[in-house]
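Report on one structure; see the data block that follows.
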Amino acid sequence: QVQLVESGGGLVQPGGSLRLSCAASGSIFSINAMGWYRQAPGKERELVARITSGGSTNYADSVKGRFTITRDNAKNTVYLQMNGLKPEDTAIYYCNAIVVMRGNYWGQGTQVTVSS
């Protein structure tokens, strides 16, 4: 059993910053990729950013230059630093982890609202 617990969401004004965290716990040998996805009302879930165990990253075009994904392998934790937030970034953000020999796991989601 693997659990992902997210934190750090909230309400922020346009141009502001937030930092999301996601900690994985449970029966974990190692984790391949970890990532953040988001889903806005009426839209499909989309990839925001992803990072492999070796540190390779990829980002959605809409967040490049504003968001930064990092991870602490020793803590099985992934972070998403979000700067220059825009109203269109408003969504529920979900953490994802591909755990070796366990499968694909999702967090419960954390709300990010960008509004003045």
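The values are calculated or read from the model by the stated rules, or taken from the named source; none is laboratory data. Computed from a predicted structure; not experimentally measured. Note: ideal-geometry Cβ built from the backbone for every residue, glycine included; neighbour counts use all protein chains shown. Quick note on the areas: whole protein, heavy atoms, side chains included, nothing else; ligands and nucleic acids left out. Shrake-Rupley method; radii C 1.70, N 1.55, O 1.52, S 1.80 Å.
Are there any pairs with C-beta distances below 6 angstrom linking a residue in the stretch 84-100 that is open to solvent by 10 Å² or more (accessible area, probe 1.4 Å) to a residue that is of a type in the set (D, E, K, R), with the two at least 6 apart or on different chains, and if so which?
Cβ pairs passing all conditions: 84/66.
Quick one: in the stretch 17-59, which of the residues that are among the aromatic types (Phe, Trp, Tyr) and under 18 Å from residue 6 (Cα atoms) is most open to solvent (accessible area, probe 1.4 Å)?
37
Residue 63 versus (1) in contact with a Ser or Thr (Cβ under 8 Å, 6 or more places away or on another chain); (2) at pLDDT 95 or above; (3) open to solvent by less than 70 Å² (accessible area, probe 1.4 Å): which is the lone unmet condition?
(1)
Among the candidates 21, 25, single out the residue that is under 17 Å from residue 106 (Cα atoms), part of a strand (DSSP E or B) and over 15 Å from the mean Cα position of the chain (by Cα).
Of the residues listed, the single one that is under 17 Å from residue 106 (Cα atoms), part of a strand (DSSP E or B) and over 15 Å from the mean Cα position of the chain (by Cα) is 25.
Can you name every residue in the stretch 1-16 that is of a type in the set (S, T, N, Q), touching a residue at least 40 places away in the same chain (Cβ under 8 Å) and either part of a loop (DSSP other than H, G, I, E, B) or touching a helix residue (DSSP H, G or I) at 6+ places or on another chain (Cβ under 6 Å) (or both)?
13
Select from the stretch 101-116 the residues that are modelled with pLDDT of 95 or more, open to solvent by 60 Å² or more (accessible area, probe 1.4 Å) and not in a loop (DSSP other than H, G, I, E, B) and list them in ascending order.
Within the stretch 101-116, 106, 111 meet the criteria.
Hey, can you tell me all the residues within the stretch 32-62 that are more than 12 Å from the chain's Cα centre (by Cα), outside any loop (DSSP other than H, G, I, E, B) and either of a type in the set (A, V, I, L, M, F, W, C) or within 23 Å of residue 116 (Cα to Cα) (or both)?
Matches in the stretch 32-62: 62 only.
Pairs needed: first member in the stretch 48-73, closer than 17 Å to residue 16 by Cα; second member anywhere, in a loop (DSSP other than H, G, I, E, B) and open to solvent by less than 70 Å² (accessible area, probe 1.4 Å); C-beta distance under 6 Å; at least 6 residues apart or different chains.
66/83; 66/84
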